[in-house]
1. How many of the residues in region 105-122 are part of a loop (DSSP other than H, G, I, E, B) and surrounded by fewer than 19 Cβ atoms within 10 Å (Cβ to Cβ)?
2. Being free of Cβ contacts under 8 Å to residues at least 12 places away in the same chain, outside any helix (DSSP H, G or I) and out of contact with any Leu (no Cβ under 9 Å at 6 or more places or on another chain) is the filter here; which residues of region 1-26 pass it?
3. For region 78-104, how many residues meet the condition of being in contact with a strand residue (DSSP E or B) (Cβ under 7 Å, 6 or more places away or on another chain) and not in a helix (DSSP H, G or I)?
4. In this structure, does Leu72 turn out to be surrounded by 14 or more Cβ atoms within 10 Å (Cβ to Cβ) and farther than 15 Å from Ala130 by Cα?
5. Identify, by number, the condition in (1) part of a helix (DSSP H, G or I); (2) under 20 Å from Glu142 (Cβ atoms) that Tyr47 doesn't meet.
Amino acid sequence: MTAKTNASRMLDKLRVPYTLHEYDWDENQLDAATVAGKVGIDCERLYKTLVLRGDKTGVIMACIPGHRELDLKRLAAASGNKKVEMTPVKDIAALTGYIRGGVSPLGVKKKYPLYIDRSVLPLDVVSISAGRRGLQIFLKGEDLVSACEGIVSDIVQ
């Protein structure tokens with residue numbers, strides 16, 4: 001049995017249906033395409049979570065499909081910032097409680113505004129990090145948005 005994470009405990013509390021999927025991970029292969037292949041899902045259904053800092057709002061998060069790139073200008077506009085930039089990897093754990101390759105949009109140490117790309121809404125199954133490397137959560141796209149109180153926006157290139 002897989003150990004529960006903060007993200008899965010949060011879904012349990014909200015009574016959101018999900019499944020956990022373990023995989024063997026490698027420090028040098030934490031990219032979305034590799035993880036998607038290991039858990040048997042299309043890369044466009046695997047959503048990666050990014051941690052950023054806005055010039056006006058401070059820390060924000062973004063959740064986008066694994067095969068796409070974040071559009072910093074669109075995210076800045078959606079979040080009320082003039083510009084946003086990626087947070088240095090060394091700061092991610094202190095801000096979120098998670099490490100690179102295991103950042104979940106759920107169960108974050110401190111609640112930050114979370115922007116989710118609009119493409120998630122019609123998907124019956126999406127994959128997100130469960131909050132540790134080697135473990136993914138599968139759930140409905142609309143359930144993800146609801147559970148993390150995400151702000152749905154067009155934020156990819």
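Readers should treat all values here as calculations from the given coordinates under stated rules, not as data from a laboratory. Please read all numbers here as calculations on a predicted model, not as lab measurements. So basically every Cβ, Gly included, is an ideal-geometry build from the backbone, and we count neighbours across all protein chains shown.
1. Of the residues in that region, 7 qualify.
2. Within region 1-26, Met1, Arg15, Asp26 qualify.
3. 9
4. When the stated conditions are applied, Leu72 passes them.
5. Exception for Tyr47: condition (1).
Condition check ((1) of a type in the set (Ser, Thr, Tyr); (2) in contact (Cβ under 8 Å) with a residue 40 or more places away in the chain; (3) touching a Phe, Trp or Tyr at 6+ places or on another chain (Cβ under 9 Å)) across all residues:
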position	(1), (2), (3)
Val35	no, yes, yes
Ile41	no, yes, yes
Leu72	no, no, no
Leu75	no, yes, yes
Glu85	no, no, no
Pro88	no, no, no
Ser129	yes, yes, yes
Gln136	no, yes, yes
